[in-house]
1. Which of the numbered conditions does Q141 fail, given that it passes all the others? Conditions: (1) assigned to a helix (DSSP H, G or I); (2) touching a Leu at 6+ places or on another chain (Cβ under 8 Å); (3) of a type in the set (S, T, N, Q).
2. Right, I520: β-branched (V, I, T), part of a strand (DSSP E or B) and assigned by TED's automatic domain parsing to the domain that holds V439 or not?
3. Tally the residues that are within 12 Å of Y385 (Cα to Cα) and either surrounded by fewer than 14 Cβ atoms within 10 Å (Cβ to Cβ) or over 38 Å from the mean Cα position of the chain (by Cα) (or both), restricting the search to the stretch 404-415.
4. In the stretch 367-379, what residues are touching a strand residue (DSSP E or B) at 6+ places or on another chain (Cβ under 6 Å) and farther than 15 Å from K342 by Cβ?
5. Show the residue pairs that are 6+ apart or on different chains and have beta-carbon atoms under 6 Å apart, the first residue being within the stretch 216-240 and over 19 Å from L151 (Cα atoms) and part of a loop (DSSP other than H, G, I, E, B), the second being modelled with pLDDT of 50 or more and among the acidic types (D, E).
6. Of the conditions (1) touching a residue at least 60 places away in the same chain (Cβ under 8 Å); (2) part of a loop (DSSP other than H, G, I, E, B), E537 fails just one. Which one is it?
7. I'm trying to understand the selection: among the residues of the stretch 440-454, which are in contact with a Lys or Arg (Cβ under 6 Å, 6 or more places away or on another chain), part of a loop (DSSP other than H, G, I, E, B) and closer than 15 Å to S480 by Cα?
8. Report, ordered by the first and then the second residue, all pairs with beta carbons closer than 8 Å, sequence separation of six or more or different chains, a first member in the stretch 400-412 that is closer than 14 Å to L362 by Cα, and a second member that is in a strand (DSSP E or B) and of a type in the set (K, R).
Amino acid sequence: MPLSLAPREGLLFEIWGFGAGIESQSPIAAWGRPILSVWSSESALDWGFSRPTSAISEDNEPVRKLIKLFIDPLGGLMARPLPSQGREEMIGPKGVIKKIEFVRTITKALYSLGYERTGAVLEEESGISLYSSMVDLFRKQVLDGNWDESLITLHKIGLDDENILKSVSFLILEQKFFEILEKNRIMEALETLRSEITTLSINKSGCIVSPSQRILLGFANVGTETLKPRMKLLEELQKMLPPSIMVPERRLEHLVEQALGVQREACYFHNSHESCLSLYTDHQCGKDQLPSHTTQVLQEHHDEVWFLQFSNEGKYLASSSNDKSAIIWEVCEDGELTLKHKLIGHKKSVLMVAWSPDDGQLLTCGMEEAVRRWDVHSGECLYVYEKTGLGLISCGWLLHGKQLFSGVTDKTICFWDLDGKELDSWKGQRTSKTSDVAVTKDGRQIISMCQETVILLVDRETKIQTLIEEEQTITSFSLSGDDNFLLVNLINQEIHLWNIRNDPKLVGTYKGHKRSRFLIRSCFGGLEQAFIASGSEDSQVYIWHRSTGDLLEALPGHSGTVNCVSWNPSNPHMLASASDDHTIRIWGLSKVNRKRKETYGNGACNGSSK
């Protein structure tokens with residue numbers, strides 16, 4: 001067992017083995033190689049094993065004794081002393097990852113996944129322990145229920161924050177208190193409460209929970225099991241202690257999910273669920289994730305199709321037409337749409353439709369005529385809402401489908417119950433030229449046009465009025481699914497996105513589509529409503545990236561003005577468009593991409609970039 005004084009910078013000495021006592025079949029063992037190397041730096045000694053210590057045979061006692069000088073007295077490998085702040089080893093292409101933190105995070109993940117031996121080997125080979133010997137002792141004492149000893153060790157693990165010390169001590173003593181209480185040692189439990197917990201001098205109101213609450217939280221012993229509540233306690237203690245002392249649970253998973261989230265947010269065409277993300281490649285979707293191919297043409301209407309809307313769950317599509325009818329289409333499991341009911345009864349063109357919150361009923365509004373309520377499953381007309389001498393020009397639901405509202409030609413908004421009783425009539429000024437009016441899902445805020453260039457938002461409870469003022473004439477608007485954004489179509493061939501959560505703020509503009517004479521509608525859509533779609537007078541469907549405003553696609557196919565579009569809320573790859581050419585087009589992925597999606601449902605969805 002020669003001692004080598006190799007002339008390398010900073011190297012104090014090395015222990016080499018030349019075959020004898022080294023358990024190895026490798027020829028290199030005959031020549032020898034270092035077992036242990038020790039260096040010096042300005043601030044500390046550093047050391048490392050060049051092979052696992054298990055490779056040193058039992059009869060090589062001199063080597064083992066010397067190695068034990070570098071072994072923790074408790075029997076575990078000590079972490080290498082941290083170098084000075086400026087000399088800490090960094091890894092990664094950009095050199096910004098601290099090696100010690102990186103290795104400890106991996107080690108923690110291995111233990112969390114149940115790879116105990118692998119985690120131990122990593123600690124041994126790297127010379128970087130997951131925990132210091134004192135923290136290891138503290139964890140063992142907590143799991144063994146050695147409460148008094150754990151409190152002593154707690155003050156030796158390097159905590160400087162007195163508040164954290166008190167909070168950690170409190171949780172330990174609380175567990176001690178309840179375990180004693182569960183053993184029916186009442187007086188001893190009261191003594192712990194009086195002489196130990198009370199002396200911490202912290203606000204204890206609401207801290208000690210009842211036994212039933214502890215069972216729900218996982219802290220209480222169930223039967224003879226004591227390890228589970230102590231493990232739960234250790235998890236809570238870990239949340240309080242600095243990460244440098246105890247690596248947080250599932251830290252590696254959190255970092256990976258965070259990285260995937262950043263990649264997804266930066267992905268221009270991302271339109272698939274989380275299962276599409278892969279760790280093997282950087283994530284980037286292509287245009288093939290947008291519904292840009294015609295998968296079906298619906299031709300049951302006999303005149304211009306003016307409006308259409310998918311149901312809330314995406315199982316149905318409703319359309320309305322200048323042919324005085326509305327149609328309910330059913331979305332089958334294979335993605336094909338079939339006619340479910342053709343709704344006949346209006347005397348004039350049907351302007352729009354509106355789904356009830358549970359998708360069980362549908363409202364249809366005739367042009368300056370009446371509103372009809374239909375049963376979706378039977379196709380039966382359940383009620384007709386009308387006002388003598390006046391026409392209704394819009395409709396919608398509120399309050400969980402128990403009430404509905406309608407815009408009236410006298411510039412009022414009327415609220416009804418299901419049986420046709422008029423509950424309220426809002427007589428604020430509004431224009432009769434548009435059929436758009438909206439009420440937020442909680443029924444509190446009314447959104448309507450009060451002038452050609454102004455949208456009015458009224459709080460029904462506080463009566464506070466807020467204005468959205470545009471410079472150009474407004475032709476239509478639509479409310480986002482979360483009620484926080486408003487998409488406003490203008491006469492100058494622009495679409496504006498307004499944030500209406502607090503004071504209205506213009507946050508997006510979309511250009512490129514054509515509009516000169518007709519009412520064109522747009523919608524939110526795609527995964528997390530990340531895209532904007534619109535009809536156009538040039539017979540195309542336009543799709544923009546919501547955040548950037550960039551035009552992504554212009555989809556040809558129709559032979560007349562595209563009046564309205566609707567994106568399936570449950571299927572980000574399904575879009576519908578209604579046109580003056582009497583047809584409805586269903587847009588989806590190409591056949592190749594549909595097949596790839598079905599076959600590789602949880603693989604990477606990388607595709608051609610823009």
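The values are calculated or read from the model by the stated rules, or taken from the named source; none is laboratory data. Everything numeric here is computed off the predicted structure, so don't read it as measured data. Here Cβ is always computed from backbone atoms with ideal geometry, including for glycine, and neighbour counts include all displayed protein chains.
1. Of the numbered conditions (1) assigned to a helix (DSSP H, G or I); (2) touching a Leu at 6+ places or on another chain (Cβ under 8 Å); (3) of a type in the set (S, T, N, Q), the odd one out for Q141 is (2).
2. no
3. So the count comes out to 2.
4. Matches in the stretch 367-379: M367, A370, V371, R373.
5. Correct list of pairs: N221/E182.
6. In the conditions (1) touching a residue at least 60 places away in the same chain (Cβ under 8 Å); (2) part of a loop (DSSP other than H, G, I, E, B), E537 misses (1) alone.
7. none
8. From residues that are closer than 14 Å to L362 by Cα, the pairs are L404/R373.
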